[in-house]
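Quick notes on the structure that follows.
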Amino acid sequence: MVARPAQNRSTEAVDVSVVGIDVDLVGRGLNRVQREIDSIFDAFLGVPSDTRSRLVEAMRYAAIGGGKRVRPLLVVSTAELFGVDRTAALRAGAAVEAIHVYSLIHDDLPCMDDDDLRHGKPTLHKAFDEATAVLAGDALHALAFEILSDQEISADPFIRSELIATLGKASGMHGMAGGQIMDMIADEEGVDYDLHTITRLQQLKTGALLAASVEMGAILGKIAPEARVHLRAYSRDIGLAFQITDDLLDVEGDPELAGKTLRKDSKQGKQTFVTLMGVDKAREQARALVDQAIAHLVSHGAEADMLRALARFIVERDR
């Protein structure tokens, strides 16, 4: 099991008003962060007048005007717990989002998931070409670390170094890329993973960047590693809840709302939380994880309301 079983939990929609969570807070927060992150990308991705322009136009196509921006909001909301300057937190959030966007570009390629639609528009390799898509992903990966190395993130080189190390680990073999190869091997070789292995896979593929987002907010706040334990537990739980909800949406979601192709997992015979647990148990598990995540924030007051609301949003979203 990925979380302690919830007792007497209904599979009906959670009435968040009962627990005092303002989910509308997330909508406002996401709308604001979307505008701010788009502005940062716009500033960094000025189109040159030479033949690099196609590369930068492709980066802009993928990075600006799409995505929920959950990861930047996690960075900003965690940083706000500790009084961090919002501009610095947004830049760190943009670095995480650059990694996330690059991963989606590569994930959509014919050699990976071979998708035609992302965020309601043609995937980057369809809108441009495969070679440009590969380079745009590579350049966004590099941009993430360029942003984090800039003194405008922090004047403290040790803070910048820790931010870079955290995002690097979450992106590579010990994080997102490691989870992706586990997923690919299962598809290519017909390996059936058990629940424990699927949990590990998703903690790497999906959870690592979400966890890094929370960790980076605390790093900006100069919080010692031993004082971040509860935040790591929070991010671990929301990371698994996020993926379980994605698996549920792949089965039950509306493709028009999702802005991408759904039902691919079942067609490919892929092992997911839903195939291993069933729809009702998976939904119950996601809600149990969210309850646990919120409980980890008990030492914080109203300043953590956005993090609490984000946890609820993760299991109640429709895309």
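Total residues in segment 255-303 satisfying the condition of being at pLDDT 90 or above, of a type in the set (D, E, K, R) and either in contact with a Gly (Cβ under 8 Å, 6 or more places away or on another chain) or within 25 Å of Leu195 (Cα to Cα) (or both): the figure is 6. Among the residues of segment 177-193, those that are among the acidic types (Asp, Glu) and over 13 Å from Gln203 (Cβ atoms) comprise Asp187, Glu188, Glu189, Asp192.
Figure legend. Inter-residue proximity from segment 282-302: first residues closer than 24 Å to Asp247 by Cα, second residues of a type in the set (Ser, Thr, Tyr) and surrounded by fewer than 22 Cβ atoms within 10 Å (Cβ to Cβ), beta-carbon distance below 7 Å, spacing 6+ or different chains. Indicated pairs: Arg283/Thr11; Glu284/Thr11. Pairing each residue of segment 180-195 that is closer than 21 Å to Ala208 by Cα and at pLDDT 90 or above with any residue that is small (Gly, Ala, Ser) and assigned to a helix (DSSP H, G or I), provided the two are 6+ apart or on different chains, yields C-beta distances under 9 Å for Gln180/Ser103; Tyr193/Ala186.
The values are calculated or read from the model by the stated rules, or taken from the named source; none is laboratory data. Keep in mind it's a predicted model, so treat the numbers as computed, not measured. Counting neighbours? That spans all protein chains shown, and the Cβs are built from the backbone with ideal geometry, glycine included.
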